[in-house]
Amino acid sequence: MHFKLIIALVDEGKTETVLKGAREAGATGATVINNARGEGLNPPKTFLGLNLVMQKDMLLFIVEEHMSRDILETIEEIGQFDAIGSGIAFQLDVEDVVGIMPQIQKLTPMVESKL
């Protein structure tokens with residue numbers, strides 16, 4: 001089995017919804033890093049030296065490669081990434097992974113049905 005790492009930066013108010021949607025699309029778990037901050041096309045606005053940008057959460061998913069595109073598209077749709085500054089998600093190849101044997105056992109029948 002081969003895996004991808006999906007990294008998604010989402011508005012903190014959408015984190016639970018994105019997690020639920022990703023799970024329904026086939027993700028077996030995630031790691032959430034709270035209070036990430038970034039700067040996109042337009043620099044963040046400030047008021048008296050205070051940032052006026054909403055905090056982001058970073059979601060990390062290790063997913064089976066045959067399911068990764070569906071999960072990524074689900075994250076994009078639920079996170080409403082079509083607006084500037086609403087979030088970003090991307091996937092990277094994972095060379096090797098340990099510690100996910102329970103997920104592999106759950107994923108095996110799901111992946112076999114896709115092949």
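Brief remarks follow.
- Residues of segment 82-110 satisfying the condition of being under 19 Å from Val32 (Cβ atoms) and at pLDDT 90 or above: Ile88, Ala89, Phe90, Gln91, Leu92, Val94
- Residues satisfying the stated conditions in segment 1-35, i.e. of a type in the set (A, V, I, L, M, F, W, C) and surrounded by fewer than 14 Cβ atoms within 10 Å (Cβ to Cβ): Met1, Ile33
- Hits in segment 1-32 - residues which are of a type in the set (A, V, I, L, M, F, W, C) and in a strand (DSSP E or B): Phe3, Leu5, Ile6, Ile7, Ala8, Leu9, Val10, Val32
- Of the criteria (1) assigned to a strand (DSSP E or B); (2) modelled with pLDDT of 90 or more, which one Arg69 fails: (1)
- Residue tally, condition over 25 Å from Gln55 (Cβ atoms), of a type in the set (A, V, I, L, M) and without any contact (Cβ under 8 Å) to a residue 12 or more places away in the chain, over segment 67-115: 2
The values are calculated or read from the model by the stated rules, or taken from the named source; none is laboratory data. Please read all numbers here as calculations on a predicted model, not as lab measurements. So basically every Cβ, Gly included, is an ideal-geometry build from the backbone, and we count neighbours across all protein chains shown.
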